[in-house]
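Novice: Pasting a structure below so you can have a look.
The values are calculated or read from the model by the stated rules, or taken from the named source; none is laboratory data. None of the values given here were measured: they were computed from a predicted structure. With ideal geometry, Cβ positions are generated from the backbone for all residues, glycine too; neighbour counts draw on all protein chains shown. Note: areas computed on protein heavy atoms with side chains; ligands, DNA, RNA excluded. Shrake-Rupley method; radii C 1.70, N 1.55, O 1.52, S 1.80 Å.
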Amino acid sequence: QEQIEEAEEDEIEDVYADLPPRQAVIDGRDPKHFLMANIRARQESLSEQLLNQWSFAEVDRRVLEIGKSLIELVDADGFLTVPVQQMIEQVSDDTGESPTITQVDAAIASLQQWLDPPGIAARSLQESLLIQIASFVADDPESWNDVELLVEDYLDALISNKLPSIASKSGIGLERVK
């Protein structure tokens, strides 16, 4: 057994003996420094990005505090899906003051107004889409009003691809619905 281990060590030494000696500096640069410089930096989390954006929001102090707490509750998809009571508890734990439902709603509206992309901090897919649509309405009101109507009243049917039914119920032509 001992002779086998010695033979394996000799083979390994022979393999490494053929390699050139390791250089501490390549082209005037330390290879470790070169490797470290090419490693990507850690990506900022969604919460960190949102908190950074929120720091520029022009809102009163209380809305700012509530918003900071609510940002921590935004999920990885950008939605704020926890129940209002949990939001109130989170804000109360973070700030020491229990907000009213009206204050939480006002903070959510401010988050939705100030944060990018549009639709962040929405409480549902439908709300997110409506926020996004609202940001485009000024460009082409007639077209976006149809889209808003479809998302507002027929989202489930759109998801189920019931386009002919949507067209007849909405009064918007099938081609337009498509």
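Novice: Can you tell me which of (1) in contact (Cβ under 8 Å) with a residue 12 or more places away in the chain; (2) farther than 22 Å from residue 67 by Cβ is the one residue 140 doesn't meet?
Specialist: (1)
Novice: Tell me, yes or no, whether the range 78-87 has at least one residue that is in contact with an Asp or Glu (Cβ under 7 Å, 6 or more places away or on another chain), open to solvent by 50 Å² or more (accessible area, probe 1.4 Å) and more than 30 Å from residue 175 (Cα to Cα). Reasoning before the result, please.
Specialist: Residues of the range 78-87 in contact with an Asp or Glu (Cβ under 7 Å, 6 or more places away or on another chain): 81.
After this cut, where a residue has to be open to solvent by 50 Å² or more (accessible area, probe 1.4 Å) as well, the list is 81.
The next check asks that each one be more than 30 Å from residue 175 (Cα to Cα); those that pass are 81.
Scanning the range 78-87, I find at least one residue that is in contact with an Asp or Glu (Cβ under 7 Å, 6 or more places away or on another chain), open to solvent by 50 Å² or more (accessible area, probe 1.4 Å) and more than 30 Å from residue 175 (Cα to Cα), so the answer is yes.
Novice: Further question on the same structure: Is it the case, given these coordinates, that residue 151 is modelled with pLDDT of 90 or more, touching a helix residue (DSSP H, G or I) at 6+ places or on another chain (Cβ under 8 Å), outside any loop (DSSP other than H, G, I, E, B) and under 25 Å from residue 59 (Cα atoms)? Please lay out each step first, then the result.
Specialist: Values: modelled with pLDDT of 90 or more: yes; touching a helix residue (DSSP H, G or I) at 6+ places or on another chain (Cβ under 8 Å): yes; outside any loop (DSSP other than H, G, I, E, B): yes; under 25 Å from residue 59 (Cα atoms): no.
Judged against the criteria, residue 151 is not a match.
Novice: Going through the range 101-124 one residue at a time, which ones are open to solvent by less than 70 Å² (accessible area, probe 1.4 Å) and assigned to a loop (DSSP other than H, G, I, E, B)?
Specialist: Within the range 101-124, 115, 118, 119, 120, 121, 124 meet the criteria.
Novice: Would you point out the residue of the range 125-156, among those that are in contact with a Leu (Cβ under 9 Å, 6 or more places away or on another chain), surrounded by fewer than 17 Cβ atoms within 10 Å (Cβ to Cβ) and not polar (S, T, N, Q), that is nearest to residue 80 (Cα to Cα)? Let's see the steps before the verdict.
Specialist: Looking only at the range 125-156, we keep the residues that are in contact with a Leu (Cβ under 9 Å, 6 or more places away or on another chain), and these are 125-126, 129, 147-148, 150-152, 155.
Still in the list and also surrounded by fewer than 17 Cβ atoms within 10 Å (Cβ to Cβ): 125-126, 152, 155.
Keeping just the survivors that are not polar (S, T, N, Q) gives 125, 152, 155.
Working: 125: 10, 152: 19, 155: 19 Å.
This residue is 125.
Novice: Take the conditions open to solvent by 70 Å² or more (accessible area, probe 1.4 Å) and either touching a helix residue (DSSP H, G or I) at 6+ places or on another chain (Cβ under 6 Å) or acidic (Asp, Glu) (or both) and apply them to residue 97. Does it pass?
Specialist: Values: open to solvent by 70 Å² or more (accessible area, probe 1.4 Å): yes; either touching a helix residue (DSSP H, G or I) at 6+ places or on another chain (Cβ under 6 Å) or acidic (Asp, Glu) (or both): yes.
Yes: the conditions hold for residue 97.
Novice: Pairs under 6 Å by beta carbon, first residue farther than 14 Å from residue 71 by Cα and free of Cβ contacts under 8 Å to residues at least 24 places away in the same chain in the range 84-98, partner assigned to a helix (DSSP H, G or I) and polar (S, T, N, Q), six or more apart or different chains?
Specialist: The qualifying pairs are 98/92.
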